[in-house]
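Asker: Can you keep this structure in mind? I'll have questions shortly.
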Amino acid sequence: MHNKDLDLLISDFKRHKQGERIPYFGKEVPYHRPAPAAENAGLMHVHILGKVKSIKLGHGTTSDSVLIYTEGATSLNTYYIIDFLVDNAHEQARKPEYMSWLIDKAEAFRDQK
């Protein structure tokens, strides 16, 4: 099944990583927990803002929707989008089994030759 909204999100993520400001992309930060595994795996997330927040608050804003990704360990500017959480992202990040799954996916990508 083809999802045009997801295609647009991926396209905008690419533009964001090339330095373009995407209005509905908010704060972008690494995951720190569980330490040190999340940081070692290079787990990052960018908050995806609703229309009202993106208009009023802008780039440093958080939300409960995130795009989770990692960058290649040896191939800079090569990214792997692991997951997109529409709701309850902060709650999910507190679940050890979910974070372990993300770390496993990120490490597998970063270990590719």
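The values are calculated or read from the model by the stated rules, or taken from the named source; none is laboratory data. As the structure is a prediction and not an experimental result, all values here were calculated from the model. No Cβ is skipped: glycine too gets one built from the backbone with ideal geometry, and neighbour counts run over all protein chains shown.
Asker: Do we have SER54 as of a type outside the set (Asp, Glu) and at pLDDT 90 or above here?
Answerer: no
Asker: Can you list residue pairs whose Cβ atoms sit under 7 Å apart, with the first residue in region 77-94 being at negative phi and the second being part of a loop (DSSP other than H, G, I, E, B) and at pLDDT 95 or above? Count only pairs 6 or more apart in sequence or on different chains.
Answerer: Once the first residue is at negative phi and sits in region 77-94, its partners that are part of a loop (DSSP other than H, G, I, E, B) and at pLDDT 95 or above give ALA93/TYR31.
Asker: Could I ask something else about it? Of all residues in region 15-37, which are without any contact (Cβ under 8 Å) to a residue 24 or more places away in the chain and surrounded by fewer than 16 Cβ atoms within 10 Å (Cβ to Cβ)?
Answerer: Kept after step one, since they are without any contact (Cβ under 8 Å) to a residue 24 or more places away in the chain, are these residues of region 15-37: 15, 18-20, 22, 28-30, 32, 35-36.
Correct list: ARG15, GLN18, GLY19, GLU20, VAL29, PRO30, HIS32, ALA35, PRO36.
Asker: Can you report the number of residues in region 14-44 which are within 14 Å of LYS105 (Cα to Cα) and not in a loop (DSSP other than H, G, I, E, B)?
Answerer: 5
Asker: Just checking, how many residues over region 59-113 are among the basic types (Lys, Arg) and either in a loop (DSSP other than H, G, I, E, B) or in contact with a helix residue (DSSP H, G or I) (Cβ under 7 Å, 6 or more places away or on another chain) (or both)?
Answerer: Looking only at region 59-113, we keep the residues that are among the basic types (Lys, Arg), and these are 94-95, 105, 110, 113.
Filter once more, keeping what is either in a loop (DSSP other than H, G, I, E, B) or in contact with a helix residue (DSSP H, G or I) (Cβ under 7 Å, 6 or more places away or on another chain) (or both): 94-95, 113.
Adding up the residues that qualify gives 3.
Asker: Just to verify a result, which residue in region 79-113, among those that are in contact with a Gly (Cβ under 8 Å, 6 or more places away or on another chain) and under 17 Å from GLU28 (Cβ atoms), is surrounded by the fewest Cβ atoms within 10 Å (Cβ to Cβ)?
Answerer: Per the criteria, the residue is TYR80.
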